[in-house]
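Reviewing the structure listed below.
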Amino acid sequence: MELRHLRYFVMVAEERHFTRAAARLNMQQPPLSQQIRALEAELGFDLFKRHPKGVDLTAGGQVFLQEAQDILAHVKEGSLKASRAAHGIEGQLSVGFTSSAATHPLIPRIIRAYRERFPGVSVLLKEGSAQQLTEETVDGSVDVGIVRAPVGRHQSIEFHRLLNEEMLLTLPVGHPLLARHGEGDEAPVIPLTDLADERFILVRRPGAPGMYANLITACQRAGFEPKVAFEVERMLTNVSLVAAGEGVSIVPASMKDVHKESVVYCHIGGSRPRLHAPVTLVCRSFNQLPPLANFIELSRQLSGRSYSKRHQRLKTGC
């Protein structure tokens, strides 16, 4: 028994006439009659009572009609669900993010736009460090991580850089450097060389290895080894400690409104390399389900970076 047999039977039952049913099915009447006879033979009972004006359902046919209609309805519903899943319209997506990446206005914009465009996809959000999210992407417990700089190199993951933004120096209000370099200016420029005697508050190397390493390199090229007073888990903690007068730090420009009553954000002059904070997606490079592919494509669109698997995807770094 095949689905087409059920469709033939339901059509004849609705029309109560083989010729009219054949016309609706775009087939000849004799083959339709043969298919119904074959179905009755397989079932072991007659489905129709034939008479000169057409056909009527037998008692068995009446029961079988309801079952056939239910089966066809379930198949149609299942096909629709499968199609929606295949196109990423339904499903689930687990999105991890670091606190510093989430402060950039692009990230809530992406998540909101994704929810609006794909309301049938359940979006699960979680916060973590860049290293943690990368590891969870590798083991599949997170579908995509939104981090700053890429962490680690693994053959099963890929990175999509969405943007770069300037890193700013954070000083507590009233810091002596502000008096020397334009206190009261909206964003004074502080030469990196002037930070040789400052105590730095940085995110731990495993959490932000790329930005940490770039700062160390820039300081060394400026002629000094930075004095690291604290290493913390989150960049938001950096700013809180700076506000408390425990040292200085550097953070992405999108964080410039955090503790702005207690902290002054400054441009950094003379840095080699220039200190930037990327926003990067990390995800597995294989078996990407449609909800993830849609999220990557939408993220690149909203960040102004067109999506191309061949040219834009970065397998081992950015």
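Here, each number is a calculation from the coordinates, and none is a lab measurement. Predicted model, so just to flag it, every value in this text is computed and none were measured. Heads up, the Cβs are rebuilt from the backbone with ideal geometry, glycines too, and the neighbour counts pull from every protein chain shown.
At-a-glance table
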read-out: Cross-link partners of LYS53 among aspartates and glutamates (Cα-Cα below 14 Å; sequence separation of 8 or more within a chain); value: GLU15
read-out: Sparsely packed GluC sites (Glu not before Pro) within the range 1-64, loop by DSSP, other Cβ within 10 Å at most 15; value: GLU2
read-out: Diffusion coefficient, µm² s⁻¹, Stokes-Einstein with Kirkwood Rh over alpha-carbon pairs of the chain at 20 °C and 1.002 mPa s; value: 89
read-out: SER285 long-range amide H proximity, modeled H, under 5 Å; value: ILE157, GLU158
read-out: Amide H contacts under 5 Å for SER94, placed H, 5+ residues apart; value: LEU124, ASP143, VAL144
read-out: Simple spin-label estimate for GLU166 and ARG204 in nanometres, 7 Å along Cα-Cβ; value: 3.2
read-out: The range 37-106: trypsin sites (Lys or Arg not before Pro) falling in loop per DSSP and having at most 15 other Cβ within 10 Å; value: LYS53
read-out: Using alpha-carbon coordinates, inclination of helix 106-117 to the longest axis of the chain, degrees; value: 10
read-out: Hz values of 3J(HN,Hα) by residue in the range 167-175 - Karplus curve (6.51, -1.76, 1.60), Gly and Pro given as x; value: 8, 10, 7, 10, 10, x, 3, x, 5
read-out: Highest average packing first - 231-244, 56-69, Cβ atoms within 10 Å; value: 231-244, 56-69
read-out: Segment GLU67-ARG20, extension gain: residue separation times 0.36 nm, minus the distance between their alpha carbons; value: 14.7 nm
read-out: Derived scalar couplings ³J(HN,Hα) [the range 39-50; Karplus, 6.51 cos²θ - 1.76 cosθ + 1.60; whole Hz; x for Gly, Pro]; value: 5, 5, 5, 5, 6, x, 7, 6, 9, 10, 9, 7
read-out: Listed peptides 161-170, 254-263 by packing density, highest first (mean Cβ within 10 Å); value: 161-170, 254-263
read-out: Amide H contacts of THR280 (H built 1.01 Å from N, under 5 Å, at least 5 apart or other chain); value: VAL147, ARG148, LEU162
read-out: Cross-link table LYS76/LYS126; LYS227/LYS260; LYS126/LYS256; LYS49/LYS81, entries beyond 28 Å C-alpha to C-alpha; value: LYS76/LYS126; LYS49/LYS81
